[in-house]
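The values are calculated or read from the model by the stated rules, or taken from the named source; none is laboratory data. Remember, predicted model here, so these are calculated numbers, not experimental data. Positions of Cβ are backbone-derived with ideal geometry, glycine not excepted, and every protein chain shown enters the neighbour counts. Side chains included, ligands, DNA and RNA excluded: accessible areas come from the protein's heavy atoms. Shrake-Rupley method; radii C 1.70, N 1.55, O 1.52, S 1.80 Å.
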Amino acid sequence: MAISAKVRDALKQAMIDQETDRLATLRLINAAITDKEIEMRGKGENVYLSDADILLILGRMAKQCSESARIYEEGGRLDLAERERLEKKCIEDFMPRQLTDTEVEAAIDSAIATVGAVSIRDMGRIMGMLKANHAGQMNFAQVGPKVKNRLCAT
């Protein structure tokens, strides 16, 4: 089942169960997906988002929740920080399982071998392959330096 369909089903179930916090988060997710579809429609592109596109949206939303929770904690607003963490948890329910460090290293090795990378100039192709194959499964801000170190070591 597509992620957008899962979100719609969860939205309906949250309405039935009267889970107000979860319902608010699911509405935010649905609105973000709809906004992106409208944006693409304006450019004359495909009207429906792929799961990879939706995973990018969810990843940004989860990252934003983490940053907001940190800021609220620093400001002494623990109630708002907890709300952000709950929102992030709801968002992550629709994302794939995060890869372990060992699995990330294996994915990097596989991408380097597939691309036939020999220098740092190949980093863009490697990162593109990782993003295409592992969208939502790894933190690319942390993976980038690992790929760079691996390429500089060869």
Fill in the blank from the handout: With N residues in the chain, Rg(alpha-carbon) / (2.2 N^0.38 Å) equals 1.22
Handout entry: Estimated [θ] at 222 nm from DSSP helical runs (n ≥ 4, -39500 (n - 2.57)) normalised by residues in the chain, nearest 500
Key = -25500 deg cm²/dmol
Handout entry: Cross-link pairs K6/K88; K63/K131; K36/K63; K88/K146 - those with Cα-Cα distance over 21 Å
Key = K88/K146
Problem - the chain, accessible area per residue, ligands and nucleic acids excluded (1.4 Å, Å²) - result: 63 Å²
Exercise for the section: Go through Y48, Y72 and list them by solvent-accessible area, largest first, probe radius 1.4 Å. Expected result: Y48, Y72
Problem - Extension gain, R97 back to K43 (0.36 nm per residue minus Cα-Cα distance, nm) - result: 16.2 nm
Handout entry: Contour minus Cα-Cα distance for A24 and N149 (0.36 nm per residue)
Key = 40.8 nm
Problem - Two-site FRET efficiency, A31 against E74, from Cβ-Cβ distance with R₀ of 41 Å, rounded to 0.05 - result: 0.90
Exercise for the section: Assign unit charges at the C-beta atoms only (+1 for Lys and Arg, -1 for Asp and Glu), then state the dipole size of the chain relative to its Cα centre in Debye, rounded to the nearest 20. Expected result: 420 debye
Fill in the blank from the handout: Taking r as the C-beta separation of S119 and Q64 and R0 as 41 Å, the FRET efficiency to the nearest 0.05 is 0.70
